[in-house]
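Below is one structure, written out as structure tokens; comments come after it.
The values are calculated or read from the model by the stated rules, or taken from the named source; none is laboratory data. Everything quoted here is computed from the prediction, not taken from an experiment. Here the Cβ positions follow ideal geometry from the backbone for every residue, glycine too, while neighbour counts run over all protein chains shown. With ligands, DNA and RNA removed, areas are computed over all heavy atoms of the protein, side chains included. Shrake-Rupley method; radii C 1.70, N 1.55, O 1.52, S 1.80 Å.
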Amino acid sequence: MTQLNENVDVVVIGGGVVGCAVFRRFTLMGAKTLLLERGGDILSGASKANSAILHTGFDAPTGSLELQCMQAGYDEYLAIREKMNLPLLQTTAIVVAWNEEQLAALPGIVKQAHENGVTDVAQISAAEVYQREPKLAEGVLGGVLVPGEYVIDPWSAPLAYVTQAVMHGGAYRFNCEVTKATRDEQGWLLQTSQGSVRTKLVINCAGNHGDLIDGLWRKPDYEIRPRKGQFLVYDKAAAADINAIILPVPTPTTKGVLLCRTIFGNMILGPTAEEQTDRNRADVDESVLKGLIEKGSRMLPTLTQYGVTATYAGLRPATEKKEYRIYHYPQENWISVGGIRSTGLTAALGIAAHVETLYRDHFNPLFTDQPPAELQWPVMPMLSDYQPRDYACSGNGGIVCHCELVTRRELEAAFHSAVPPECIGGLRRRTRVMMGRCNGFFCSNQVAEIVGDRLDNTLVVGRVE
């Protein structure tokens, strides 16, 4: 790999979902933009582990920047998803009250939703909850119906944002950690693990390392305090037992544990909310997961009939405040996008639009604003179990991964795409290969044969980088 030694208009640090969206936004504005990601692929940090829900913002703080970005991101995703072949599972959601205290909180949830402009949210009776979700456990006292909450593909969407940027001249580097930032009369000189980059504008979207990146040149205005969320993935048969996203009544400290179908045909249960100091490791804990299983089974008794096929954990970049921490420094030509917690997948496109507004309103022009005359739209591979898939089409080279019905053609297409995988985790997220109930036990040899020497790391069954 050649060493970096570039001059660009904009460097985006961090290839999580927010960084991917910002990278797309500034590239389409006409800037020469470079995305730097310290991991081996996009979504290597906090963004690779989430609940994949497209949120309406019904329960976000009224009048907050988070609400503004969530609703703008929600609208933009719906506007562009069909052009990019991104799936949408129109599940709706129900906030379920299991005791009198939770029941008393439901009118306040509806009131806040209406104040947030989500006016189709309504309180429903226990009878209607059971009409919609007959397999829930006994004891439901009522609920709040949120018709606009949906489930999306959490990996293909950010990949689509990066792909569109690359199609319009954007560049990226993986395994490229920023280690030093120096300001001079020419702009910023960034030292990285792959060489140096000169840039006019830096946009820090480094997630759990965001305050450390700001700390390369100033005292950060926020402190990242990682919050771990552990999830269980149930076998695909379990997904038929619920229709909507089943949400708990939130507490002052957490939104609580939910039940949700995934776009890939499974059901997830989680997340937990655990404070920790380690910014990199998100280990699963057997005792915590056992407690999670018990909690889920109390809500949906039929879960005891199904096996857990996978577990995962992610670190949300929480801070000392319950709000987005987005700062702009016009004199230094630096923007910091921090504290983007569990709503980042929904809000990413809205955050990118907000960052563009900050740049236009507060910064001197740093590059020629020449957006493309006509946008090119990437067509992403369809990974949804609820849409036609490649395995049902002729000429696909045969099914390689039978758990997730991934074909040879899909694997080859990933390597010939505009943003090919550079690690096995990237290949898995792009195709779903080895992400089924056997975790690659049966298909890993054939996958290794197809991959050959095209990835930098060794193929290990059951591991996602």
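Couple of notes before you dig in:
- Between 0 and 90°, nearest 10: helix 100-115 axis offset from the chain longest Cα axis: 40
- The convex hull built on the alpha-carbon positions of the chain has an orientation-averaged projected area of 21.6 nm².
- Carbon plus sulfur fraction of accessible area for segment 1-57, probe 1.4 Å, in percent: 45
- In range of the label at Arg437: residues from segment 367-407 whose backbone nitrogen is under 18 Å from the point 7 Å along Cα→Cβ: 385-386, 400-406
- Two-site FRET efficiency, Thr62 against Gln90, from Cβ-Cβ distance with R₀ of 30 Å, rounded to 0.05: 0.75
- On the beta carbon distance between Ser125 and Ser287, with R0 = 45 Å, the FRET formula returns roughly 0.75.
- Model label points for Gln191 and Glu6, set 7 angstrom from Cα along the Cα-to-Cβ axis, are 2.1 nm apart.
- Mean projection area, nm², convex hull over Cα of segment 153-203: 4.5
- The lysines within cross-link reach of Lys32, meaning a Cα-to-Cα straight distance under 19 Å and a gap of 8 or more places when in the same chain, are Lys200.
- When DSSP beta bridges are restricted to pairs lying wholly in the chain, around 70% turn out antiparallel.
- Here the gap between Lys180 and Val379, fully extended at 0.36 nm per residue and compared with their Cα-Cα distance, gives a gain of 67.9 nm.
- Area of Phe415 that stays accessible when all protein chains are in place (1.4 Å probe, Å², to 10): 30
- The C-alpha atoms of the chain define a longest principal axis, and helix 344-362 lies at about 40 degrees to it.
- With Cα atoms defining each centre, segment 225-277 and segment 358-379 are spaced 37 Å apart in the structure.
- For the residue pairs Lys236/Lys290; Lys48/Lys290; Lys219/Lys290, the C-alpha atoms sit more than 31 angstrom apart in Lys219/Lys290.
- Cα gyration tensor shape of segment 390-451, rounded if a/c is under 1.5, else prolate or oblate by comparing a/b with b/c: oblate
- Against the chain, whose longest principal axis comes from its Cα atoms, helix 17-29 is set at around 50 degrees.
- Between Ser297 and Cys393, the contour length at 0.36 nm per residue exceeds the alpha carbon distance by 30.7 nm.
- Sites His114 and Ala448 - FRET efficiency at Förster radius 60 Å, r taken between beta-carbons, to 0.05: 0.65
- By definition, a body whose alpha carbon gyration tensor gives a ≥ b ≥ c is prolate when a/c is 1.5 or more and a/b is larger than b/c, and segment 292-353 fits this prolate description.
- Point-to-point label distance, Ala137-Glu223, nm (Cα→Cβ direction, 7 Å offset): 3.8
- Cross-link reach list, lysines versus Lys295, counting only Cα pairs under 17 Å and skipping chain neighbours closer than eight places: Lys135, Lys255
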